[in-house]
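The values are calculated or read from the model by the stated rules, or taken from the named source; none is laboratory data. Because the structure is a prediction, the values reported are computed rather than measured. Here the Cβ positions follow ideal geometry from the backbone for every residue, glycine too, while neighbour counts run over all protein chains shown.
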Amino acid sequence: MIPRKKTRQVTIGGVSVGGDAPVRIQSMTTTHTRDVEATVDQIQQLAELGCELVRVACPTEEDARALGQIKSRIKIPLIADIHFNYRLALIALDEGIDKLRLNPGNIGKKERVVEVVEKAKSRAVPIRIGVNGGSLEKDLMEKYGPTAEALVESARRHVAILEELNFEDIIISLKASDVPTMIAAYRLASETFPYPLHLGVTEAGTLLRGSIYSAIGIGTLLQEGIGDTIRVSLTAESVEEIKVAKMILEALELRRGVRVISCPSCGRAEVDVFKLAEEIEGRAMKLKEPMTISVLGCVVNGPGEAHESDFGVTGGKEKGMIYVDGKQHRVVDEDKLVDSLFEEIKNKRPSAV
Ligand code: SF4
């Protein structure tokens with residue numbers, strides 16, 4: 001297990017972040033928050049896949065006033081994303097949100113900052129300071145350019161405002177869209193602040209690019225023990241963010257999940273391995289217990305991998321063998337392979353389905 005840097009633990013709606021807590025998975029909805037039905041529906045889909053903290057945008061008063069209704073219908077902590085409008089922050093707090101994403105230096109007058117921070121403190125609501133490479137202060141851009149130093153210096157200013165008000169339930173993110181800057185910024189932040197760090201590559205891109213950039217950026221830092229929560233930002237459905245985030249944590253063995261081991265297929269395959277693996281991966285995402293499932297196109301490597309897996313499928317001529325606990329179990333037609341595999345999983349591990 002990778003040793004993790006100790007940060008000051010905070011609690012978000014009952015979910016601990018930092019300290020010795022596991023690395024948490026976050027996502028953000030893509031709905032208008034004021035559309036309560038659509039937002040709740042999306043949050044439930046995210047939670048079902050393993051999202052542990054969810055953030056929603058609050059650009060208007062109508063959005064902020066919808067937070068209480070949303071909160072009452074979901075089971076994971078709700079984070080309100082407020083950029084600078086202190087009135088919206090106060091409404092969000094009154095609606096019972098679990099965390100605020102807000103940069104105190106952007107609010108303006110000191111008494112407004114005090115009002116928001118005191119209310120957050122009285123309700124034990126942490127604040128995430130989110131510095132973004134695309135919106136750095138002008139003087140920092142002139143002094144440092146869009147660098148790790150500028151991101152950390154910007155965060156330091158916001159942190160100082162909260163610390164001055166004796167507020168320490170802080171989480172920090174320093175997002176840049178280029179991976180080397182993002183990595184350097186979080187490394188520097190990890191040496192600078194005692195607070196939990198929320199990792200992400202901002203505007204990482206579409207599903208393929210965004211997944212790769214995030215895996216490299218977030219994965220590099222996690223491997224160094226840096227990071228307490230993660231978000232994979234994708235220009236894709238938000239459920240994809242959860243799938244990729246889980247895979248990053250599983251790849252580094254920071255979390256056990258369902259691992260589908262599949263071969264790349266080749267001229268020896270006599271079943272459609274791509275289709276088979278895609279279908280199995282999609283359904284396996286919803287399983288509730290860790291396990292390994294191997295999907296191999298032929299008997300060359302199939303039995304060997306299946307032998308090491310909890311469940312397996314090996315292709316033959318328009319048929320396939322289902323493996324359970326590493327042993328051959330039964331032969332089924334190709335078009336029944338996926339359903340048969342999940343029947344066996346349900347028989348053997350009913351609590352996982
Ligand atoms: S398991 Fe069989 S089909 Fe898959 S890559 Fe290996 S040899 Fe090819």
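Observations on the structure shown:
- Residue, farthest from the chain's Cα centre (by Cα), within segment 124-162, restricted to residues that are loosely packed, with under 13 Cβ neighbours inside 10 Å and at pLDDT 95 or above: Ala160
- Within segment 61-72, not a single residue is assigned by TED's automatic domain parsing to the domain that holds Leu197, under 18 Å from the mean Cα position of the chain (by Cα) and not charged (D, E, K, R).
- Selection of first residues in segment 287-309 that are under 16 Å from Leu276 (Cα atoms) and free of Cβ contacts under 8 Å to residues at least 60 places away in the same chain and of second residues that are of a type in the set (Asp, Glu) and outside any strand (DSSP E or B), restricted to Cβ pairs under 8 Å at least 6 apart or on distinct chains, gives the following pairs, ordered by first then second residue: Thr292/Glu308; Thr292/Asp310; Ile293/Asp310; Ser294/Glu305; Ser294/Glu308; Leu296/Glu305; Gly297/Glu270; Cys298/Glu270.
- Which numbered condition Val260 fails, given (1) more than 30 Å from Glu203 (Cβ to Cβ); (2) within 16 Å of the ligand (Cβ to nearest atom); (3) within 28 Å of the chain's Cα centre (by Cα): (1)
- Residues that are surrounded by fewer than 13 Cβ atoms within 10 Å (Cβ to Cβ) and either touching a strand residue (DSSP E or B) at 6+ places or on another chain (Cβ under 7 Å) or farther than 21 Å from Leu49 by Cα (or both) within segment 336-353 comprise just one, Asn347.
- Selection from segment 67-95 of residues that are within 23 Å of Arg231 (Cα to Cα) and not in a helix (DSSP H, G or I): Arg73, Ile74, Lys75, Ile76, Pro77, Leu78, Ile79, Ala80, Asp81, Ile82, His83, Phe84
- Checklist (1) in contact with a helix residue (DSSP H, G or I) (Cβ under 8 Å, 6 or more places away or on another chain); (2) surrounded by 14 or more Cβ atoms within 10 Å (Cβ to Cβ); (3) within 30 Å of Gly219 (Cβ to Cβ) applied to Arg256, failing item: (2)
- Qualifying residue in segment 104-123 (condition: part of a loop (DSSP other than H, G, I, E, B), assigned by TED's automatic domain parsing to the domain that holds Met28, in contact with a strand residue (DSSP E or B) (Cβ under 8 Å, 6 or more places away or on another chain) and of a type outside the set (D, E, K, R)): no
- One residue from Glu164, Glu168, Glu142, Glu153 being more than 17 Å from Glu224 (Cβ to Cβ) and in contact (Cβ under 8 Å) with a residue 24 or more places away in the chain: Glu168
- The residues in segment 315-335 that are within 14 Å of the ligand (Cβ to nearest atom) and in contact with a strand residue (DSSP E or B) (Cβ under 8 Å, 6 or more places away or on another chain) can be counted, and the count is 6.
- Qualifying positions in segment 153-200 - closer than 21 Å to Ala245 by Cα and in a strand (DSSP E or B): Ile171, Ile172, Ser173, Leu174, Lys175, Leu197, His198, Leu199
- Qualifying residues in segment 276-314 (those that are more than 11 Å from the ligand (Cβ to nearest atom) and of a type in the set (Ser, Thr, Tyr)) - the one surrounded by the most Cβ atoms within 10 Å (Cβ to Cβ): Ser309
- Each residue in segment 87-111 was checked for being surrounded by fewer than 19 Cβ atoms within 10 Å (Cβ to Cβ) and modelled with pLDDT of 95 or more, and 4 pass.
- Test: residue in segment 36-55 that is in a loop (DSSP other than H, G, I, E, B), under 24 Å from Gly133 (Cβ atoms) and not assigned by TED's automatic domain parsing to the domain that holds Pro290: no
- In a residue-by-residue description of segment 232-251, the property of being within 16 Å of the ligand (Cβ to nearest atom) and in contact with a Gly (Cβ under 8 Å, 6 or more places away or on another chain) applies to no position.
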